[in-house]
1. Counting only residues that are assigned to a helix (DSSP H, G or I), within 19 Å of the chain's Cα centre (by Cα) and farther than 24 Å from A:ASP255 by Cβ, how many does segment A:80-111 have?
2. Would you mind telling me which numbered condition in (1) within 30 Å of B:GLY54 (Cβ to Cβ); (2) without any contact (Cβ under 8 Å) to a residue 40 or more places away in the chain; (3) within 14 Å of chain B (Cβ to nearest Cβ) A:PHE225 fails?
3. From the set of residues in segment B:105-147 that are of a type in the set (A, V, I, L, M, F, W, C) and within 13 Å of another protein chain (Cβ to nearest Cβ), which is surrounded by the fewest Cβ atoms within 10 Å (Cβ to Cβ)?
4. Listed residues A:ILE212, A:ILE194; which is farther than 30 Å from A:ARG30 by Cα, assigned to a helix (DSSP H, G or I) and not polar (S, T, N, Q)?
5. Against the conditions (1) at pLDDT 90 or above; (2) touching a Lys or Arg at 6+ places or on another chain (Cβ under 9 Å), where does A:PHE60 fall short? Just the number, please.
6. For A:ILE109, which of the numbered conditions (1) free of Cβ contacts under 8 Å to residues at least 40 places away in the same chain; (2) within 14 Å of chain B (Cβ to nearest Cβ) fails to hold?
7. From B:THR188, B:THR220, which residue is crowded, with 18+ Cβ neighbours inside 10 Å and under 14 Å from the mean Cα position of the chain (by Cα)?
8. Considering only segment A:2-67, give the helices (runs of 4 or more DSSP H) lying wholly within it that have at least 3 residues that are exposed (fewer than 14 other Cβ atoms within 10 Å of the Cβ).
Amino acid sequence: MTSIEAVAANLRRLDQFARADTVIHRLDPRAKVVATLAFVVAVASFDKYTVAALMPFAVFPIVLAALGRLPVGYLARNVALAIPFALVIGLFNPFFEREVVLRLGPLPISAGWISCASIVARALLTLAAALVLVAVTGFPAVCEALERLGMPRVFAVQLQFVYRYLFVLVDDGARSTRALALRACGNPLRPRLIASLLGSLLLRTWQRAERIHMAMLARAYDGTFHKRTAHRFAAREVCFVLAWIGIFALLRYYDVAQLLGALLTRALP
Amino acid sequence: MSHHLVDLRNVSHVYPDGSVALREVSIRMTHGECVAIIGANGAGKSTLLLHLNGCLTATAGEVRVGDFPLTRNTLSQIRRTVGMVFQNPDDQLFMPSVFDDVAFGPLNQGLSQAEAEQRSRAALERVGAWLLRDKPPYLLSGGEKKRVAMATVLAMAPDILVMDEPTSGLDPVSRRQVMALVKEFQHTRIVASHDMDLVLELCQRTIVLHEGRVSADGPTREIFRDDALLARCRLEKPLSMQGCPLCGIVRLAPESGAA
């Protein structure tokens, strides 16, 4: 079972990766965010029975992860966590679309199975891209990039605070559950107890929010968020974004998987 | 240098739930003083400190910082003058990295980015935390957090430093580091603490709060010699003024040659 602490440790690890220093890490966060958004749009734009043509898109997260020196095991594990959710969404398709479109030897494959596979493939691709984006950029930098790309500042500040205090809240919650478990003497936790635990956590969070607000006011906060900006959108970033958009366009309009297949079958008669 | 002055005149504070936290508190602190505020839990120390930069406003009475009374109009000016180090550094460090956090105040004061960065660097070097600049706050130890929290305030170049429990929860070495920092500062310093030895070592003047009232206000050494006062206010002497459990020698007043 994954405990709250394990989730927090996982998040911390993601945060650690973002502090490495590679070619990809040094790019302006905006370039990476734009490229990832283009990737998501391209992947989502295929029709619902596409599976093979999606596969070459894996090149984007793979190249970024390799250049950013991210550990494959960590990424695979976290992307794999999404499979059940994608399956839940796609699981009913095989029941609704029963006409057989393909035969693998004796095995008939219905359209529903193909669209289900397409949903899972898209989920894995987009999630992998998002995870790699955060791992090579860092969550605060992604927020900042989104803000500089036009997301309202309120949302950016909210996201940043959620991220900062998530760790504090998780620690707080973990301490409370541990204290509760120690005095529960092995009895299962009753809903009433859990409710009062959550209630006190909420109240503590509220008080903390008040103290943080005071601390911000004490440091001349007047409603606008001034931040240091260190990044520059230079030629390197423009090349990065244009190259990826070019590749996505290519992969979108030419089925590279099929072309390769055709090439192979012609070469090997 | 009159803006280093803090003057409380008959300040009372009643919380919305009706509990009275301060009753007619009058204190005057002058330039360069290091003043301790001590008292039992719930005596009103934190409430008093929160009045000094307008986080709370007095229900009755007046707070003056420098030449200005604390009002809505002078609030931002007074917050520039009074730097506040909160008790829990997790409340004070809210930005994604240490450097961003220290630069938050100077940027809000309207400094240019280069100036803010230079000030932040100076503040971090002052507290010996420059190497921590890229770390997120949750990876810092308690002592590091406390020192960075001090840097966030120092970077704003305040004239008056207010510290709530600067050494609570620190290991002996971190405690010494923080104390050495407080000792070095030239600011008017106001420290609320339960660390009586810190009070004896750093502060020449001590104010004792008891149930929202000022019970005593005077030289630290005199206050710690008044056993009846200490007992009444649920306090005790600094450990360094108590007897040695091994040799049985009672040192009434350390370094009392000068006093």
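The values are calculated or read from the model by the stated rules, or taken from the named source; none is laboratory data. Values in this document were obtained by computation on a predicted structure and should not be read as measured data. All Cβ positions, glycine included, derive from the backbone under ideal geometry; neighbour counts span all protein chains shown.
1. Step one: list which residues in segment A:80-111 are assigned to a helix (DSSP H, G or I), which gives A:80, A:83-90, A:93-96, A:111.
In the following step, the residues that additionally are within 19 Å of the chain's Cα centre (by Cα) were identified as A:80, A:83-89.
Checking the rest, the ones that are also farther than 24 Å from A:ASP255 by Cβ come to A:80, A:83-85, A:87-89.
Selection size over segment A:80-111: 7.
2. Condition not satisfied by A:PHE225: (2).
3. Here is the first cut: in segment B:105-147, the residues of a type in the set (A, V, I, L, M, F, W, C) are B:107, B:111, B:114, B:116, B:122-124, B:127, B:129-132, B:139-140.
From the residues that got through so far, the ones that are within 13 Å of another protein chain (Cβ to nearest Cβ) too are B:107, B:111, B:114, B:116, B:123, B:132, B:139-140.
On the way: B:LEU107: 25, B:LEU111: 20, B:ALA114: 8, B:ALA116: 22, B:ALA123: 24, B:LEU132: 21, B:LEU139: 16, B:LEU140: 20.
Applying the filter and picking the extreme gives B:ALA114.
4. Numbers: A:ILE212 fails: farther than 30 Å from A:ARG30 by Cα.
None of the other options fit; the residue is A:ILE194.
5. (2)
6. A:ILE109 satisfies every listed condition except (2).
7. Details: B:THR220 fails: under 14 Å from the mean Cα position of the chain (by Cα).
One residue alone meets the criteria, B:THR188.
8. Working: elements: A:4-17, A:23-26, A:29-44, A:59-67.
Those helices (runs of 4 or more DSSP H) span A:4-17.
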